[in-house]
1. Given S322, Q241, P279, which one lies farthest toward the positive end of the charge dipole of segment 231-338, if we put +1 on the Cβ of every Lys and Arg and -1 on the Cβ of every Asp and Glu?
2. Compute from the Cα atoms of segment 47-89 the Rg and the Dmax, the latter being the longest Cα-Cα distance, and quote both in angstrom.
3. For K48 and L156, FRET efficiency with R0 = 56 Å and r from the beta-carbon atoms, rounded to 0.05?
4. Using alpha-carbon positions, what is the distance between the centroids of segment 130-191 and segment 239-272, in Å?
5. For E223, E216, write out the residues from largest to smallest accessible area, computed with a 1.4 angstrom probe and no ligands counted.
6. Just to confirm a number: summing +1 for Lys and Arg and -1 for Asp and Glu over residues other than S286 whose beta-carbon lies under 13 angstrom from that of S286, what do you get?
7. Among [x] 41, 21, 18; [y] 119, 16, 12; [z] 32, 20, 19, find the value of semi-axes √(5λ) of the Cα gyration tensor in Å that was calculated from the structure presented, and write down its label.
8. Accessible surface of W101 in the full protein assembly, 1.4 angstrom probe, to the nearest 10 Å²?
Amino acid sequence: CKGGGLLTQWKTFGLRSWILGAAAVAAMGAGIVGSQFRHVDISVQGPKGKHQYSLWTFSGQVKNILQQAGVKVTRHDRISPAMEAQVASRPIKVQDAIPVWIKTAHHRIQVWTTNYSVQAALDAAKVKLGPLDEVRPALNAKLTSATTVNVIRRWLVTARVKQKIPFVVRHVPDSSMPTGHTAIQVQGRDGLRVKVVQRLMQDGRVVKTRVLKTEEVKPPVAEVIQYGTTKPVSRGGTVLQFSEAIQMYATAYWPDPAWSSGYTYTGLKAQYGVAAVDPSVIPLGSHLYVPGYGFAIAADIGGGIKGDRIDLCYDTAAQADSWGVKELTVYVLSTPTS
């Protein structure tokens, strides 16, 4: 309460009121001009409510009347009439201004306001709000001189985010490959997806993310790994160690003196245990095991022996003819076996 001091509040009765009334009668009886000794009402509005004051005074200026009434004012208060004005019969109105702190992410502002709402304080500070900004306390909340208004800045940001799609691995059995061996049939490749995301930013930090759209730019390629299912090859109770098992078409030949010199491409004598191969598939000099034929060495080539074909040498035409054509697995041995 800003009132008190020299005279009396509106609802105070007693000796002082009687003296003031008597003084007014005496002044009029003494011939003093009535307009110089006047009754003035003062209304003081603050954040906690309104207070009414009343006094008799010889002063006519607002500033002096407020001083006599003990009503302290600051340059921020709203006073009507103005401090330098002369009062006739209308009351004096004082609207208390209170200090309010406003805090944003990067600023701290103090304003004085005579309108005790959060919205009024923001208007006084010229703080503009975005559509997503949040204010605490609420815009319609009442203010006190101890209130701090927090403005939380919020906005939306849209971005495109790239994401890797890991490839999956599939295992498929291969009967041409021995158990325990594997081979990559198809090399796996990661895919790529792009997400359009909307981020809710709060004072420079991401507080919420929402996916608007997902687009698969490049599909992943599954990796295919073959694994062998053929049991280990053994001969005479000995398990053969091999580095590769190749599914091939096997034919047979014999070194007919009519067209053959009797020697292979590598210089070895053409006889049982020699095989003609495509060197791009089986390197010359490789030691082989052919089911139904036995051990052989890749020592010869032939015009018709390309890709997955192998030609097995026999010592006689009858033996070669009896072989015919067979589809089988040729094992490339890790170490030579006699």
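The values are calculated or read from the model by the stated rules, or taken from the named source; none is laboratory data. What you see is a predicted model; the values in this text were computed from it and never measured. When we count neighbours, we look across all protein chains shown, and the Cβ atoms used for this are built from the backbone with ideal geometry, even at glycine. SASA here: full protein model, heavy atoms, side chains in, ligands and nucleic acids out. Shrake-Rupley method; radii C 1.70, N 1.55, O 1.52, S 1.80 Å.
1. Towards the positive end, the residue furthest out is Q241.
2. 10.8, 31
3. The pair L156/K48 has a calculated efficiency of 0.85.
4. With segment 130-191 and segment 239-272 each reduced to a Cα centre, they are spaced 62 Å.
5. E216, E223
6. Around S286, the charge tally is -3.
7. [y]
8. Approximately 80 Å² of W101 is accessible to the 1.4 Å probe.
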